[in-house]
Amino acid sequence: MKKEFQFLGKDFPRKEGRARANGFEKYPSDLYFDNMLYGRILRSPYPHARIKSIDFSEAEKLGAVCVSYEDAPGKRFNLRLVSVPKATYKDWQLFSDHMRQVGDFFGAVAAETEELAEQAARVVKVEWEILPAYMSMDAALAAKDNLIHDKVFLEDQEIKIKNNIACTREVVEGDIEAGFQEADVIVETEFETPRQYHCQLEPRSCVVRPEADGGITVWPTTQAVHNTRILIGSVFNLPLNKVNVVRITGGGHFGSGIHTNPVTLITTALALKSKRPVKIVQSREEDMYDHVRYPSKYVLKVGARKDGTLVAGHMRAYIDIGCHHIQALAYLGVMSGFWHSLYRMENMKYEGTAVYTNKVPTCAMQGYGAPQVTFGVEGTMDMLAEKLEIDPIQLRIKNYVGLGEVFWGQGPTVKSPIFSDGVVELLKKGAESIGYYKRPGSQKQTGRYRRGIGFARGFHTSGTGAPVPGEVKDYTTVQVKVNEDGTIDILTALMDHGGGTLDAAAKIVAEEFQVPFDKVGISPADTRSTGYDVCTHATRGVYCGAGAAHEVAKKTKDVLLEYAARYLDAYPDSLIFSYDEKSGQTRISVWGNPEKTTTIAAVAEHAMNKDWGTAIYSKSIRKVACPPAYTNYFVEVEVDTETGHVKILRVVAGSDAGTVINPILAKGQLHGGFYRGAGMALLENTSYDDKTGCLTNKGSMIDYKMLGIDEMPDPDDFEVIFADTYEPTGPMGAKGIGEAAFNPAPAAVTSAICDAIGIRFTKLPILPEDIMDALGEGHDK
Amino acid sequence: MRNFRFLQPDSVSTVLKAKEEERENGRILAGGTNLLSYIKMGRVKEGLLIDITRLDELKQIEDTENEVSFGASLTITELLNSSVVQNRLSYLHDTLTHFANPLIRNQATLGGNIADGSPIADTIPILLVLDATVTAASSKSERIIPLKEFFVGPGKTVLAADELLVKVSVPVHESSGVKMIKLGLRNGTACSVTSAAVRVEQDNKKLREIRIALGGVAPTPIRAYNCENALLDGLFDIEAAAGAELEALQQDINPISDVRGTAEYRRGVSVNLVKRALRSAAGMEV
């Protein structure tokens, strides 16, 4: 049950909202320094090729500084440092002569102006040896030689690559053969999800400035300043105290900044060689060749007893990861975890294979593997419900992993118990609000427009914390300080992607000290002034990041209490904080002695004047659980049987985020997550021209279609229900929300389409042509 | 290397002189919404960019009894704001509200949309059913070309290398019903997958004249002559037009599969779009 708070649970304007709305906020692409050069990246026009020779003489005549694989240290690494070393595959180099996709980079130039840099890039001469390109998993798996990678490293152990298989992973619980024997009904289906492009507003970009002390300062587009620093230090052999990575607002990430972007390393290489500040802002086209969501293709077999109890499941997945590892091993792990943690199943087997192809390297995007897996698992639940003639909602309530059970959404090494669970409440309220049991169904409808109501449920983990160390790192360092006027500063390397993570930290600290939100500030942060923070990813911002701020705030409060006790001549344990709205002051009073009272400001100032010190504390905090933030969507759609277009009429979102810190932002997350999830279901994909290896959209937005505001329901028809839950391990009862807001959306839209026209799609996106095709043939796709 | 020169002439005759000298190398810069993307994609690498955006001569609207003529460099927004378009060609106004997005409409010109020769240009099907003509001028002469004879292939038109499209003339069909429907992958800023326009003249519920035109189903925007004839031959009963007559459409179209849709899909929805445009043009419930 929810608790009452002074500040939490009420709508607040964002701290940086004014700056963003007025154009004052600085992003990497806004930075200019004296003497700065502009860089351009040299890229392969071929999907698979080797460079025989490279000639920079014409570019150098234009005054350009040039770097290429010829200057690069040969060290191999992984751009993503979230996993521990023993679970990290390394197949990247700073530059390579082996080009593995169209748009792969082999060097870069920097010049006085952007125009000159562009000109210099165009006159670099390259002699190519074209290699056979593998544009599909089948082609890649059949290859014996000219592999995309010959060898990679797992930590420091060399691994020889065969058939372009990047890695495999098997996760087994129980005995599936025995399990399937107990099944009365078995459903086996192949599912496929698209290569969705992040399309963050700001393309990945970077500015690097060499400093007088021989170090560098870096302003990258990143979700993880510390991992960026560690990677730069390692690749360029720089001591970490000479690499200062600044937290700067990014123009959106959606997962594309969990790993250090290649542009960051390339800009660093140019700055170190030229000894001048260098800036690279990538074009949208370059950005589209830089990163993309993991697609998935898997066969899911699930068996159930007559009464609806799931008894066994088998998932065999093949993942086309493109030309590099941005940690496919972790991706395979979470696929198994998200699946296993949706529904209870004693016997399960997951077999995942990650395959290299000559395509854009795949990485995390909002939801990581959860939208992909949830799409198939929820589709399968609907099919089972139909076969078993059990209400789909009841089937889920019977089998879902909930309160008191152990779950491992982030893969088999991240296990923790569930302490809060709003699933049943949200399913019931959602069904009621949308009229789920009053839907007409496809059989009763004729005419051009058919309506359908569908739903799906899912979750995301709130971070990757666990009681024991696993494959993934997870902690955040925070410093909380009470200033001499009673205001408070929070210093942490935690990132805010725009979802309000840092605001949440400030609000939770404000609640702890009972001071108004605007008296808590977030200090500018860089890697030199802060302790390690793993990354803002995995929906860990509020639960782990702001959770760390909360734990540290309590310690800082202890210091303040010590000073206040001395000041009031009382014992610390007897002191009470209370916010007096009239005076705008936070009072510290001794219980039972109302005359003994003061304010935070007075204590802090007194402590300074008496040389007692500053109330300040700093600590690294790891959360020892990562509770599931449950979400479900009920969706009503209208299918136009003359064009195959799907219109989303109504959405009822259910979110179990524990205590809701800032409802207006949390609702915004649900609107945004649903929007991109619906896009994944209906439109978004990057496909390839197999002959040229180019993206068919040619890196242009005109042919990378996303849903427009027109395609979203009226805000009045988008209802949000928050579950009445309190997460006991979370900061003031809070869990995460960001990725949970996405995960069930594609499955829910698909389910609604099925209800409207009686056809179940198992491959995304469901384009108008697929719907017309299916309507013509009258069977499932 | 990209290598461009730039000319901003103060009269149409200067433009035509430059076209005569430069021929294919003289690139007309009107709204630039196509040309700049061609330059960015590397399809156009050099030449003289001839900026016609400031020529008032090409921004005139002539409103006569039977016809309205538009200067080629009028922007889509200017057309939308024109009272002549709003009052006398309201169906054209309706079509133009679906053109790309407001930013593009502020830049893109009517002449550019036609001269670009795209099979999916947003203005063409409706202009085809209205029997529009275009005027092409060179330094030596001027000629009027029926729009239905203007397109040759994707990006190819009958405009000669020294010619400039200066005017678009649209007959006013007071008693016709007209409707164009555009189908993209979404509503805003979407290239047409397929589009269809229909004009019908009825006489006591009997069909006197019909025009059907489509975009995105052939190498050029097309008139669907087979389908038009089939409908006329059948002593057309509009109520039944959903039937077999529209099957003739399949002989008119020859779509391809591309990044925006499959050929099969285009074949299927073409019929649906024409049927709907026809019913709407005939004043029936859609």
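Brief remarks on what is shown
- Out of B:Lys45, B:Lys40, sole residue that is touching a strand residue (DSSP E or B) at 6+ places or on another chain (Cβ under 9 Å), open to solvent by 100 Å² or more (accessible area, probe 1.4 Å) and modelled with pLDDT under 95: B:Lys45
- On the stretch given as the stretch B:249-286, residues that are modelled with pLDDT under 90 and either away from every other protein chain (no Cβ under 14 Å) or over 21 Å from B:Val193 (Cβ atoms) (or both) total 4.
- A:Glu769 being open to solvent by less than 40 Å² (accessible area, probe 1.4 Å) and within 14 Å of chain B (Cβ to nearest Cβ): yes
- A Cβ distance below 7 Å, combined with a sequence gap of six or more or placement on separate chains, defines the contacts here; from the stretch A:33-49, residues that are open to solvent by 20 Å² or more (accessible area, probe 1.4 Å) reach residues that are among the aromatic types (Phe, Trp, Tyr) in the pairs A:Arg43/A:Phe105; A:Tyr46/A:Trp128.
- Pairs are defined by a Cβ separation below 8 Å, a sequence spacing of at least 6 or placement on different chains, a first member in the stretch A:118-129 that is among the basic types (Lys, Arg), and a second member that is at pLDDT 95 or above and in a helix (DSSP H, G or I); the pairs so defined are A:Lys125/A:Glu58.
- Just one of (1) touching a strand residue (DSSP E or B) at 6+ places or on another chain (Cβ under 9 Å); (2) within 13 Å of chain B (Cβ to nearest Cβ); (3) open to solvent by less than 20 Å² (accessible area, probe 1.4 Å) fails for A:Val651. It is (2).
- Number of positions in the stretch A:691-742 that are of a type outside the set (A, V, I, L, M, F, W, C), touching a residue at least 12 places away in the same chain (Cβ under 8 Å) and more than 14 Å from chain B (Cβ to nearest Cβ): 17
- Residue in the stretch A:241-274 that is surrounded by the most Cβ atoms within 10 Å (Cβ to Cβ), counting only those that are under 17 Å from A:Arg528 (Cα atoms) and in contact (Cβ under 8 Å) with a residue 40 or more places away in the chain: A:Val245
- Matching residues in the stretch A:683-720 - criterion: being within 30 Å of A:Ile664 (Cβ to Cβ), in a loop (DSSP other than H, G, I, E, B) and more than 24 Å from the chain's Cα centre (by Cα): A:Pro713, A:Asp714
- Any hit, the stretch B:164-175, residues being hydroxyl-bearing (Ser, Thr, Tyr), touching a strand residue (DSSP E or B) at 6+ places or on another chain (Cβ under 9 Å) and either within 14 Å of chain A (Cβ to nearest Cβ) or in contact (Cβ under 8 Å) with a residue 12 or more places away in the chain (or both): yes
- Residue list for the stretch A:164-187, filter: part of a strand (DSSP E or B) and more than 20 Å from A:Met137 (Cβ to Cβ): A:Val171, A:Val172, A:Glu173, A:Val185, A:Ile186, A:Val187
- Number of positions in the stretch A:569-608 that are under 44 Å from the mean Cα position of the chain (by Cα) and more than 19 Å from A:Phe7 (Cβ to Cβ): 11
- Against the numbered list (1) more than 30 Å from A:Thr464 (Cβ to Cβ); (2) away from every other protein chain (no Cβ under 14 Å); (3) touching a helix residue (DSSP H, G or I) at 6+ places or on another chain (Cβ under 8 Å); (4) of a type in the set (D, E, K, R), A:Glu127 comes up short only at (3).
- Verdict on A:Phe24 being of a type in the set (A, V, I, L, M, F, W, C) and closer than 30 Å to A:Cys535 by Cβ: yes
- Comparison of A:Val534, A:Val552 shows that the only residue that is touching a residue at least 12 places away in the same chain (Cβ under 8 Å) and touching a strand residue (DSSP E or B) at 6+ places or on another chain (Cβ under 6 Å) is A:Val552.
The values are calculated or read from the model by the stated rules, or taken from the named source; none is laboratory data. Bear in mind that the values here come from a model prediction, so they are computed numbers and not experimental data. Don't worry about glycine lacking a Cβ; one is built from the backbone with ideal geometry, like all the others, and counts go over all protein chains shown. Each accessible area value is taken on the protein alone, full model and side chains, heavy atoms only, with ligands, DNA and RNA left out. Shrake-Rupley method; radii C 1.70, N 1.55, O 1.52, S 1.80 Å.
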